[in-house]
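Computed from the coordinates by the stated procedures, all read-outs in this text should not be read as laboratory data. What you see is a predicted model, and the numbers here were worked out from it, not measured in a lab. Positions of Cβ are backbone-derived with ideal geometry, glycine not excepted, and every protein chain shown enters the neighbour counts.
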Amino acid sequence: MAESPVRPLDWRDLPALHRVRSRGLCLHAEVAYTRGPQTLQTALLDMLTPGRLTHTLVAPGLDDETTAIGQILQREPSAPARLVFFGPAEALAQANGARLLDALCQAAGQRGAHNLIADVDEHGPAFECLRAAGFAIYARQRIWRRAPTETPTARRSGSLWRPELAADAAAIQALLANLIPGLVQQVETSPNRPRRGYVYRDDDELRGYLDVERGALGIWLQPYLHPAVETIDPLLAALVREVDHQAGRSLFLCVRSYQGWMSGPLTRFEFEPVSDQAVMVRRLAAAVRATERARRPALEGTPEPTAPIARTGNSRQWSVVSGQQARPGRRLATDHSPLTTKP
């Protein structure tokens, strides 16, 4: 019995969806820590409203146990796609899982994405499976967690951080361009959420940006601090007061390897590391160089005709210039000398 082709999720897959939701992998760290590892809550909406930010595909197997389900997330056209969910986890090492992964990459490319990104635990089995599937490491990150406070933290006036405004867009782009390595910038775009973050200015210069995403289980923080910042402790203290004003939710702070110097200050503010991850990327499109034939320069003036070519021997003689045929024993008419005949 042949396996069915990969297709979008529909009502027939509800039993499989219920079965794999707790056996899969969440490969988008932000979603996993703000909404939980079982990130298929939006899968049912994909059936009702095609064209949503998420797209769920099913690879039917020979039986129910080998059926695999995957989901990608793309926030806007032409933006990088994120591999949000893949389940069951053991399917990554199976042929059915490989078919599903290729179909997810194709679906992301059809939506205009040039890259598919996955956050993977370097010590987990999914790491080697994704490498074999064409994913490469572009960055590394460590996730830090601060436990929720029992009572809400009171905000104070005159905080070092203030909410992002539309007028800060150019300065934020310049800061990110200076901090993020060029190789990573080729893969990931800058935060594109409309004015949800916080900015820090010093002497009218933007020295820090904090990307924030809130979820039911936690608050996700992605900091970008300029090396000119002399001390980070006041900024972290103000950050905790500004963001952690709702009790019951943990703070999760993602620190990329190029900002590893933040580890010491985070420890002093009761943050603890919970995961070391590799940011893996599979390129869906590549630039193709088009070959162009070299153009020959135009000939100047009128070319001179070539000299007449004649055959000798027993064969008939031809004049290339006049095209006349000479009889045997006679000269060509183009030779203006008198005609003679051999005896």
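Quick look at the numbers
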read-out	value
Under the Karplus curve 6.51 cos²θ - 1.76 cosθ + 1.60, θ = phi - 60°, whole-Hz ³J(HN,Hα) for the stretch 86-96, x wherever Gly or Pro sits	8, x, x, 4, 5, 5, 4, 8, 10, 5, 5
Segments 87-97, 225-235, 170-180 sorted - mean Cβ within 10 Å per residue, highest first	87-97, 170-180, 225-235
Per-residue HN-Hα couplings for the stretch 236-243 [Karplus 6.51, -1.76, 1.60; θ = phi - 60°; Hz; x = Gly/Pro]	5, 5, 5, 5, 5, 5, 6, 9
Karplus-derived 3J(HN,Hα), 6.51/-1.76/1.60, for each residue of the stretch 203-213, Hz, glycine and proline x	6, 6, 10, 6, 10, x, 9, 10, 7, 10, 9
Where labels lie 7 Å past Cα in the beta-carbon direction, separation of Trp261 and Ala93 in nm	4.2
